[in-house]
Amino acid sequence: METAYLRRCLGICLAEGLAEVAERRPADPIEYLAFWIYKYRKNMEEEFQRKLEREELEREREEAQKEIEMLEKMKEEELLIQQKLEEERQAELEREREEQEKLEKERAEELILEQKRIAEMEAKAASEKEVQSKTLAELTDKYGAPHLTRVEEIDEMEQSEHTLPTIAESEAEDETVV
């Protein structure tokens, strides 16, 4: 049991220290071995510290690498979002342009229909005027019908208004003559 303890705690250290004493053959081997063991312990603690520091540095490096990867992913996502927004904006502009073109087409069609309606109304009015100016014979297309022009009938109220000024005019003419 004691040998197991000594082997576990001092085995490597003591074996290397004794080998160093045997190789160097110092004047005071006990003092040399004691200093060598203290130095060995200090070296082991420093090695342990360096190992901990290396592990800490490696962990920090891995965390930094993960953070860099996350930042890159975030930038990629941001670019994707910006691209999607740009595509949506372009699509919206395209829809607005198409809608504007559609409205312009509809307006143009409405204008054309309005112009056709006006032309039809003008043609209808012209044909009615032509029909009104035709004689009875031209309207009936019968042989031997008299060629009389159409007589416009005047409303009695209109006729009375027309007759009054003529009477007043005739009286004014009589006074100027006298």
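Can you tell me the accessible area per residue over region 5-141, all protein chains present, probe 1.4 angstrom, in square angstrom? If you can, show how the numbers build up before the last one.
On the way: 12680 Å² over 137 residues.
That works out to 93 Å² per residue.
Using a Förster radius of 35 Å, what is the FRET efficiency between Glu55 and Glu77 based on their Cβ-Cβ separation? Nearest 0.05, please. Intermediate values should be presented prior to the final figure.
On the way: r = 32 Å, r/R0 = 0.93.
With a Förster radius of 35 Å, E is 0.60.
Could you tell me the calculated FRET efficiency between Thr3 and Tyr32, based on Cβ-Cβ distance and R0 = 35 angstrom, to the nearest 0.05? Let's see the in-between values first.
Working: r = 25 Å, r/R0 = 0.70.
Efficiency, from the Cβ-Cβ distance: 0.90.
Using a cut-off of 23 Å between alpha-carbon atoms, which lysines can reach Lys116, once sequence neighbours fewer than 8 places away in the same chain are excluded?
In chain and number order, the partners are Lys102, Lys105, Lys124, Lys129.
Can you figure out the FRET efficiency of Ile112 with Glu86, using R₀ = 45 Å and their beta-carbon distance, to the nearest 0.05? Intermediate results must be reported in sequence, preceding the final value.
Working: r = 38 Å, r/R0 = 0.85.
The value I calculate is 0.70.
The values are calculated or read from the model by the stated rules, or taken from the named source; none is laboratory data. Since the structure is predicted, the reported quantities are computational estimates derived from the model, not experimental observations. Here Cβ is always computed from backbone atoms with ideal geometry, including for glycine, and neighbour counts include all displayed protein chains. The area values use the complete protein model at the heavy-atom level, side chains included, leaving out ligands, DNA and RNA. Shrake-Rupley method; radii C 1.70, N 1.55, O 1.52, S 1.80 Å.
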